[in-house]
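For reference, the structure discussed in these notes is given below.
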Amino acid sequence: MTDSEADPHYWIIVSSPENFERTTLLGFTVQGLKSRHRKKAERMKPGDKFVYYVTGRKAFAAVASVQSTYFETHERIWESGDTTKNAEDYPFRVKISPDLVLDTGNFHPAEELARQMDYARKWPAEHWTLAFQGNVHEVSQGDFHLIRAAIESRAPRTVSHGIVV
């Protein structure tokens, strides 16, 4: 295994509010990818990191860690917003665990972050949302840390022995 294979990959999972809610209700234990993303799923491994971008809200909502290699199942959990793709069942899945999950009203707006991300510079600034079309995108470690820090800034602080730390 080369160093690059051992290093984690960083991914943005693009999710509708409804599908994000489904992942939340599952306790961030599993994430499905659309059928056209098999090659990306095959590259995912334990230690990889996800950040969640919620469409409609245009905001970042959570960070999770990949806990397994991919597997295939056709249990219907997530739904495609495209009615012509009702057969889409997000068959390529990985087990995950939550690192940070923001409350719905506290998601971090993505526009300011997108303008700072290396990944999003591929698109004109006024069309930054194009960077978040599609189900899954690999991003740099720097972009991941930028988003994670923004999510952490909105996360509730830990309480230890009645003291906010």
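Residues in segment 47-63 carry Karplus couplings, in order, of x, 5, 10, 10, 10, 9, 10, 9, 5, x, 7, 6, 8, 8, 10, 6, 10 Hz; the curve used is 6.51 cos²θ - 1.76 cosθ + 1.60 with θ = phi - 60°, and Gly or Pro positions show x.
What is the Rg over Rh value, at two decimals, for segment 8-165, using alpha-carbon atoms and the Kirkwood definition of Rh?
0.96
Here the dipole of the chain is about 80 debye; that uses its Cα centre as origin and unit charges on the Cβ of Lys and Arg (positive) and Asp and Glu (negative). Lysine pair count for segment 3-164 (Cα-Cα distance under 19 Å; residues 8 or more apart in sequence or on different chains): 11. Across the chain, the mean sequence separation of Cα contacts (distance under 8 Å, 6 or more residues apart), normalised by length, yields a relative contact order of 27 percent. Only beta bridges with both residues in the chain are counted; by DSSP, about 80 percent of them are antiparallel.
All of the numbers you see were taken from the coordinates with simple rules; none came from a lab. Since the structure is predicted, the reported quantities are computational estimates derived from the model, not experimental observations. Because the Cβ atoms are built from the backbone with ideal geometry, glycine has one as well, and the counts that use them run over all protein chains shown.
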